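What follows draws every value from the coordinates through simple rules; no lab data is involved. Keep in mind that this is a model prediction, so the values were computed, not measured. FYI the Cβ positions are ideal-geometry reconstructions off the backbone, even for glycines, and counts take in every protein chain you see.
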Ligand SMILES: Cc1cc2nc3c(=O)[nH]c(=O)nc-3n(C[C@H](O)[C@H](O)[C@H](O)COP(=O)(O)OP(=O)(O)OC[C@H]3O[C@@H](n4cnc5c(N)ncnc54)[C@H](O)[C@@H]3O)c2cc1C
């Protein structure tokens, strides 16, 4: 590579939730930013269910047409008895995930970032404070690794790597009429989904049905679909696409930075070990990483990792919960537990912990549904 190539201020590896939000913020703050993405476009072969918790939805204003609000959680025991959980005013957003990622990419470019597709990061060498990328004719003053659970940036710079994973697999269905759209349908079943859950999520375009399993196990999607066919009627719907991937479940990697390099999102293990949710943290910490990097490069701010340390969660309690979930208690104990009020309370805490912003009760919500149509909901609620 010629010595004269002008370095970008920041090269971000990975054009997904963390990388694209970081690129937008860094470009808006005046940095010269490029994003390297191995795939041919953002949103290609999505590997996530893409459900946003309310806090994630509040972090980034995503176009309404790309999401669907879901207000409650229907939690099924292995016997298929269920309880309905709801917190007034709280919601989840299911998403048209591929288009959310395309929209995030468009926003990053609109702010001034360049996205280089089919550009795989394969290592970089630092000479006189500038990184030169192997196999690519680019250079950078700073590298942000937002390249997911098996980060090549982490490996290239001897940073910590994720070692413990959940494995998720799901199928998208068109026309899945049996999925009551008031709920995310979650299945506790230690035989089908040991260490995690099965789920059916009614999305804005398709519905997704799948499961994830704990470390060292393989998800059996066929068995899950067969076991829940009578509830949802998959055989009357059209399967469109599959999504699968590995979810870091061991907490933060160490170290997550070196001189001129930092990891963010799944690459840094910034995923709740208990719930497997990572998009909210990818949004929040992707944006924060771009802020501290731009402060450092342009405004004599402290080293980015030091500035960021206070914002990165330690996941103490969630790691403990992961330990409990890995034990995968026998199904009969889950059946028995879900029948008693303390367990219902506990489930409510897990899904809606400190998430009761105050709003209508479930009964009021149901009454509202009956009296006035709400976008995405049938006029009479199923089973009503
Ligand atoms: C099956 C499944 C379901 C999930 N469901 C949810 C959910 O409903 N809600 C939730 O909050 N979280 C969910 N998660 C977790 C969530 O998807 C992740 O936490 C989130 O995607 C992390 O975003 P990220 O930007 O850090 O990394 P990723 O989304 O993994 O993106 C990494 C990007 O880097 C690119 N890349 C990788 N290597 C290179 C390289 N060498 N060079 C260039 N580019 C590279 C990849 O192509 C990819 O585009 C789920 C995960 C899985 C696997």
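Just a few scattered comments:
- In the distance distribution for region 180-295, Cα-Cα pairs more than 24 Å apart total 40 percent.
- Contact order, relative form, for region 113-222: 20 percent (alpha carbon pairs under 8 Å, 6 or more residues apart, mean separation divided by residue count).
- Label point distance in nm, residue 321-residue 226, each placed 7 Å from Cα along Cα→Cβ: 3.2 nm
- Estimated 222 nm signal from helices in the chain, with DSSP H stretches of n ≥ 4 weighted -39500 (n - 2.57), rounded to 500: -9000 deg cm²/dmol
- Cα gyration tensor, the chain - rounded (a/c under 1.5), prolate or oblate: prolate
- Relative contact order [Cα under 8 Å, 6+ residues apart], the chain, whole percent: 21 percent
- FRET efficiency for the pair residue 254 and residue 343, taken as 1/(1 + (r/R0)^6) with r the Cβ-Cβ distance and R0 = 45 Å, rounds to 0.80.
- Dimensions (Å) - region 242-327, Cα atoms, principal axes, largest first: 48, 32, 19
- Region 94-205 shape via C-alpha gyration tensor axes, a/c threshold 1.5: oblate
- Relative to one another, the C-alpha centroids of region 213-280 and region 302-339 are positioned 14 Å apart.
- log10 of Debye I(q)/I(0), alpha-carbon scatterers only, for region 29-156 at 0.10, 0.13 Å⁻¹: -0.48, -0.72
- Which of 126, 118 has the fewest Cβ neighbours within 10 Å, and the rest in rising order: 118, 126
- If you run the Gaussian network model on the chain, springs between alpha carbon atoms under 10 Å, then out of 192, 320, 116 the most flexible one is 320.
- Highest-fluctuation residue, 182, 155, 246 considered, GNM on the chain with Cα pairs under 10 Å: 155
- Counting neighbouring beta carbons within 10 Å and listing from fewest to most, the residues 231, 62 come out as 231, 62.
- With contacts taken as Cα pairs under 8 Å at a separation of at least 6 residues, region 222-305 carries a relative contact order of 20 percent.
- For region 155-228, the share of alpha carbon pairs falling in successive 5 Å distance bins from zero is 3, 16, 23, 19, 14, 9, 6, 5, 3, 1 percent.
- Between 145, 316, 43, the residue with the greatest mean-square fluctuation in the GNM of the chain (Cα pairs under 10 Å linked by springs) is 316.
- Counting beta carbons within 10 Å around each of 117, 142, 196 and listing the fewest first gives the order 117, 142, 196.
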